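Since every read-out is calculated from the coordinates, none of them should be taken as a lab result. All values derive from a computational prediction rather than experimental measurement. No Cβ is skipped: glycine too gets one built from the backbone with ideal geometry, and neighbour counts run over all protein chains shown.
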Amino acid sequence: MNLGISRHIGKFAGDRRVLALLLLAALFIAGRSWLAAHPEHDPWAPLNLSDPPGWATQAKLQALRSDIPQCRAVLQRSEVAFSALEPAGEGDCRRTDRTRLDAYPLVPDTPPTTCPMAVALQIWKRDTLEPAAREVFGSGIARIEHLGAYSCRRLYGRDEGPWSEHATANALDIAGFVLDDGTRINVLSDWLAEGDKARFLRRVRDGACDGFATVLSPDYNSAHADHFHFDMSDRWRGTCR
């Protein structure tokens, strides 16, 4: 009698193992199907800037910093118009990655930057800048006023010390914005003011921290009183102030 009971117990244990394996297989298939429908969360899916931001977006952006061909492939896949320019400069200021966004509303011109900067600018405009302008002012962005991307210099113009990210155009300084309705927002004059312009500037500064490695504003120091500094340095965890 005891032998018969033990045989049934063994069969039940085997059934549980089969059911557990079937459940795991079903969960795996369901998970892969869900990721296929939500590639922004899939770490193995190629980055596409048309997708909304997801769990895997930050890691994918980080990977682009050391893979320029893949970075430009992302722009092509996302149907972002850009030009890949020839290298320029010498020594520590040589720019081997000169990527210019062809339809980005920068003024007085659209300077070439590194490709990771171009990608980050595209995401920032889509996910932060345009939504903030429409929410706060009910108008879109017509122009983004900048102070330059490339400058062959060390940090703060010193004679010694680390090179600025501007030395390889891996940075951009933004001074203000003009909306479709003509409204002008200026970092120098509006950051410390009260009202919608100051609120808008803080929204676009805070949102930039999700995509750029470094974001510096007037809150950082007096050298940034008139602009936002955005860059894509190799730091994994950036600065946002």
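Each of Glu135 and Ala45 was given a label point 7 Å from its Cα along the Cα-to-Cβ line. The distance between the two points is 2.4 nm.
Counting every alpha-carbon pair across region 128-239, the share separated by more than 25 Å comes to 22%. Extension gain, Arg77-Leu188: 0.36 nm per intervening residue step, less the Cα-Cα distance, totals 36.2 nm.
What separates the Cα centres of region 36-104 and region 123-184 is a distance of 18 Å.
Can you list the trypsin sites (Lys or Arg not before Pro) in region 89-124 that are in a DSSP coil and have 14 or fewer other beta carbons within 10 angstrom?
Values: sites: Arg94, Arg95, Arg98, Arg100; in loops: Arg94.
When the trypsin sites (Lys or Arg not before Pro) of region 89-124 are filtered for loop state and at most 14 Cβ neighbours within 10 Å, Arg94 remain.
Computed from the C-beta positions of Trp163 and Val18, the FRET efficiency with R₀ = 41 Å rounds to 0.10. At 7 Å along Cα-to-Cβ for each site, give me the label-to-label distance between Arg199 and Arg241 in nm. According to this spin-label approximation, the distance is 2.7 nm.
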